[in-house]
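Undergrad: This structure is in structure tokens; I'll ask about it shortly.
Taken together, the values in this text are just the output of simple stated rules run on the coordinates, not laboratory data. Model, not experiment: these values are computed from the prediction. Quick reminder, even Gly has a Cβ in these numbers, built from the backbone with ideal geometry, and neighbours come from all protein chains shown.
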């Protein structure tokens, strides 16, 4: 069974040969080429090679094209990205370009064909999909509007605005939602899927009330637009302790939701009963990299049992660090899938 068939059957609630295994491989892709994240993130050819190396090395059931996930849209909107020379360092935004909500009107219009590294990532994603798209889902990584806003303004100023100037924040997020839709549509038009990232919206910094009132409407609009453009399914990714907003996550319209290793999975499983939504249950990336192995074994056994007992659970990991060895990731995959007979 191909990874694409496996994921599609899981989404349809039909019998699959085993649970999908979907590790979060971003900057770690660069390690597989012996290159730095900064090098790979600035070259369409290297990014394509890195994703192909990921598939060859780990055989994941879905692929995500991206290195520094949250920088690309902010860069396209005018932010400067710092690309460290250190082999294991991830690119980051140098400084917030907006000091207050009064400034957002000066942001330029994003052209996905020419702004920042958007054309580079789109080129790499299409190239990977042309090579592998018949057998595995290839997704482009896009930032949700709230996380994009944090990269542009900083979380403290944005939170103050959500309390004191909610109408202006909504206007700001509406503008950024259109940026996300344009970028996502560009992937879809190239035959590539999309995965929406929004980890800045995780509790405890964001309360359930604020998430429902000020973030959820924009995420719903984004995901609905992506599906209208032809996305077969959409995954919405927020890490951390997200059980306080779990019911709102299920209201986003996403087809796959992340339940990180620290979150209460039982709350998510209860919410799946009335929906077709899949839950990706993660193994801690710190345990994968560093151990202790007794705790890693315990966590893997728990995730494996969940996936065996619940057809709506798929197996994932938190973001694998650059310094994690390939052998550790392969060991985790083997342990997670050992009862299926796959090694």
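Undergrad: Using 7 Å Cα-to-Cβ label points, what is the residue 95/residue 275 separation (nm, one decimal)?
TA: 4.1
Undergrad: Of all DSSP beta bridges in the chain, what percent run antiparallel (nearest 5)? All intermediate terms of the calculation are to be shown ahead of the outcome.
TA: Values: 2 of 29 bridges.
Taking every DSSP beta bridge within the chain, about 5 percent pair in antiparallel fashion.
Undergrad: Against the longest alpha carbon principal axis of the chain, how many degrees, from 0 to 90 and to the nearest 10, is the axis of helix 155-164 turned?
TA: The angle comes out at about 60 degrees.
Undergrad: Sorted by mean Cβ packing within 10 Å, highest first, what order do the peptides 31-39, 310-318, 112-120 take?
TA: 310-318, 31-39, 112-120
Undergrad: While we're on this one: Over the chain, what is the relative contact order in whole percent, taking alpha-carbon pairs under 8 Å and six or more residues apart?
TA: It comes to 19 percent, rounded to a whole number.
Undergrad: Something else now. For the chain, take the longest principal axis of its alpha carbons; what is the angle in degrees between that and the long axis of helix 326-336, to the nearest 10 within 0 to 90?
TA: The angle comes out near 70 degrees.
Undergrad: Can you put 195, 336 in order of Cβ neighbours within 10 angstrom, beginning with the fewest?
TA: Least to most surrounded, the residues fall as 336, 195.
Undergrad: Of the labelled options (1) 62, 51, 41; (2) 110, 46, 37; (3) 58, 43, 39, which one gives Cα extents along the principal axes in Å as computed for this structure?
TA: (3)
Undergrad: Compute the angle between helix 166-189 and the longest alpha-carbon principal axis of the chain, please, reported from 0 to 90 degrees and rounded to the nearest 10.
TA: That helix lies at roughly 50 degrees to the long axis.
Undergrad: Only helical DSSP H runs with n ≥ 4 go in: add -39500 (n - 2.57) per run for the chain, normalise by residue count and round the 222 nm mean residue ellipticity to 500 deg cm²/dmol.
TA: Using -39500 (n - 2.57) per qualifying helix, the result is -13500 deg cm²/dmol.
Undergrad: Order of 58-64, 168-174 by packing, highest average Cβ count within 10 Å first?
TA: 58-64, 168-174
Undergrad: Another question, if that's okay. So what is the relative contact order for the range 165-280, in percent, with contacts set as C-alpha pairs under 8 Å and at least six apart?
TA: 25
Undergrad: Next question, about the same structure. Taking 0.36 nm per residue of separation and subtracting the Cα-Cα distance, what length does fully extending residue 33 through residue 156 add?
TA: Working it through step by step, the gained length comes to 40.5 nm.
Undergrad: Quick one: if the Förster radius is 35 Å, what FRET efficiency do residue 266 and residue 9 give, using the C-beta to C-beta distance and rounding to 0.05?
TA: With a Förster radius of 35 Å, E is 0.90.
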